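Student: I have a structure I would like to understand better, so I am pasting it below and will then ask my questions one at a time.
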Amino acid sequence: MKATMSAAVLDRPFSMEVKQVPVPVPKADEALIQVHCIGICGSDVHYYEHGRIGRYEVKSPIILGHELAGVVVQTGASVTNVAIGDRVAVEPGVTCGRCEYCKSGRYNLCPDVVFMATPPVDGAWAEYVAVRSDFLFKLPDGMSFEEGALLEPLSVGFHAMQRAKVSPKDKVLVTGLGPIGLLAMAAAKMFGVTQLYGSDVVEFRRNLALQIGASGALNPMDGDLQARIREAFDGYMADVVVETSGNPKAISDTINLVKRGGRIVLIGLPTTDAIPLDIPALIDAELDVYGVFRYANTYPAAIQALRNSDQKISQVVTHRFGLHDIKEAVELARTNKEQSIKVMIYPQREMQSGD
């Protein structure tokens, strides 16, 4: 094993450079992963652009990236669940395993979670990363590294479906058709949903939703959205609305798009803390509102569901770059949201920019 590796290091907003850094040495309960494929997430772009998200601030150089898959190349002394040569997906949030949230199965709420690419924790825009082995999941034969990396954002959609107790009979509307929204649609399909609509202002994203299997995709700026939802669902409003955009108006409007007794799932984080919400209407309709923070216990189920479905989730990958073109890749993800969905980085091979 070589002593150093290439990694994309962010020093401050808009200042990122591929440098040589030490290869991580895995602890007794960790495995060293050779990163084959890693996505650019909206949070990565936000740290690149602003240097902080809420209370998490880039105060020292950091490696971003947390949506990844790769190959085990070294294991710690106590690791038994994976072996050298295994192809694995990485769940990027390592929790304590001891607090009440971990013990109750809601480990995504663990106050001591160590989450990749969340300051001051390094991520995996690099050739190698060390990960506690119980957060590694073997990829089945035939499942690509790209699909393995997409399991992380797919898990958000999977968790949303679990939170809302989605079943095949439900009429589901997903608002916001970025990577999370599109993969939430893919998750809904895996949960057996057949009456599935999406909403987004960008035509390219609406067309991609149709490719993923949506029954239809609507432009919220085009006419009366409530009336169009009612028409789409044969005279009814949605049983479940999954809001992924974080747009304040879209969040407020969820109450108007769901039926009485329906369920609202909020994923997208707004840029403002206070958003007007018609509380009397919410109470009168006895709506259930669920927040989604990352995911918990989703990887095994998502792998199994993806393996046995006809979903081609790699359709959301619109651009591919080598690690040394990372800055160009991030700038594309930052500035070209109308034509880019998921931008992927391949640290083990150099690729033509935007291939």
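The values are calculated or read from the model by the stated rules, or taken from the named source; none is laboratory data. Keep in mind that this is a model prediction, so the values were computed, not measured. Here Cβ is always computed from backbone atoms with ideal geometry, including for glycine, and neighbour counts include all displayed protein chains.
Student: With the structure loaded, tell me whether residue 57 is in contact (Cβ under 8 Å) with a residue 24 or more places away in the chain, under 27 Å from residue 180 (Cα atoms) and not assigned by TED's automatic domain parsing to the domain that holds residue 180 or whether it fails that test. Outline the logic, then answer.
Tutor: On the way: in contact (Cβ under 8 Å) with a residue 24 or more places away in the chain: yes; under 27 Å from residue 180 (Cα atoms): yes; not assigned by TED's automatic domain parsing to the domain that holds residue 180: yes.
It is true that residue 57 is in contact (Cβ under 8 Å) with a residue 24 or more places away in the chain, under 27 Å from residue 180 (Cα atoms) and not assigned by TED's automatic domain parsing to the domain that holds residue 180.
Student: Criterion first (over 21 Å from the mean Cα position of the chain (by Cα) and assigned by TED's automatic domain parsing to the domain that holds residue 191) does residue 256 satisfy it?
Tutor: Taking the combined requirement at face value, the residue satisfies it.
Student: Same structure again: Collect the residues in segment 148-196 that are of a type in the set (D, E, K, R) and surrounded by fewer than 24 Cβ atoms within 10 Å (Cβ to Cβ), keeping them in residue-number order. Write out each step before concluding.
Tutor: Just the residues of segment 148-196 that are of a type in the set (D, E, K, R), to begin with: 152, 163, 165, 169-171, 189.
Selection gives 163, 165, 169, 170, 171, 189.
Student: In addition: Just checking, does segment 101-108 include any residue being surrounded by fewer than 23 Cβ atoms within 10 Å (Cβ to Cβ), of a type in the set (A, V, I, L, M, F, W, C) and over 29 Å from residue 193 (Cα atoms)?
Tutor: yes
Student: Identify the single condition in (1) in contact (Cβ under 8 Å) with a residue 24 or more places away in the chain; (2) in a helix (DSSP H, G or I); (3) of a type outside the set (Ser, Thr, Tyr) that residue 304 does not satisfy, given that it satisfies every other one.
Tutor: Every listed condition holds for residue 304 apart from (1).
Student: Does residue 97 satisfy the condition of being touching a residue at least 24 places away in the same chain (Cβ under 8 Å) and of a type in the set (Gly, Ala, Ser)?
Tutor: Values: touching a residue at least 24 places away in the same chain (Cβ under 8 Å): no; of a type in the set (Gly, Ala, Ser): yes.
For residue 97, the condition - touching a residue at least 24 places away in the same chain (Cβ under 8 Å) and of a type in the set (Gly, Ala, Ser) - is not met.
Student: For residue 216, work out the one condition from (1) in contact with a helix residue (DSSP H, G or I) (Cβ under 7 Å, 6 or more places away or on another chain); (2) crowded, with 20+ Cβ neighbours inside 10 Å; (3) over 15 Å from residue 316 (Cα atoms); (4) not acidic (Asp, Glu) it doesn't fulfil.
Tutor: Going through (1) in contact with a helix residue (DSSP H, G or I) (Cβ under 7 Å, 6 or more places away or on another chain); (2) crowded, with 20+ Cβ neighbours inside 10 Å; (3) over 15 Å from residue 316 (Cα atoms); (4) not acidic (Asp, Glu) one by one, residue 216 breaks only (2).
Student: Go through segment 292-344 and give me each residue that's of a type in the set (Gly, Ala, Ser), under 22 Å from residue 243 (Cβ atoms) and surrounded by fewer than 21 Cβ atoms within 10 Å (Cβ to Cβ).
Tutor: If the condition is that a residue be of a type in the set (Gly, Ala, Ser), under 22 Å from residue 243 (Cβ atoms) and surrounded by fewer than 21 Cβ atoms within 10 Å (Cβ to Cβ), then 340 is the only one that fits.
Student: Could you please tell me which pairs satisfy a Cβ distance under 6 Å, a separation of 6+ or placement on different chains, a first residue in segment 214-240 that is outside the structural domain of residue 316 (by TED's automatic domain parsing), and a second residue that is in a strand (DSSP E or B) and among the small types (Gly, Ala, Ser)?
Tutor: 214/198; 217/198; 218/199; 220/199; 232/216; 239/262
Student: Can you name every residue in segment 253-265 that is in a helix (DSSP H, G or I) and either within 11 Å of residue 175 (Cβ to Cβ) or at pLDDT below 95 (or both)?
Tutor: Scanning segment 253-265 gives 253, 254, 257.
Student: Considering each of 77, 124, 83, 89 in turn, give the residue that is assigned by TED's automatic domain parsing to the domain that holds residue 9, of a type outside the set (Lys, Arg) and in a strand (DSSP E or B).
Tutor: After applying the criteria, what remains is 89.
Student: Further, regarding this structure: Quick check: is even one residue across segment 39-51 part of a strand (DSSP E or B) and crowded, with 18+ Cβ neighbours inside 10 Å?
Tutor: So far as segment 39-51 goes, yes, one or more of its residues are part of a strand (DSSP E or B) and crowded, with 18+ Cβ neighbours inside 10 Å.
Student: Quick check: anything in segment 10-22 closer than 19 Å to residue 114 by Cβ and aliphatic (A, V, I, L, M)?
Tutor: Yes: one or more hits.
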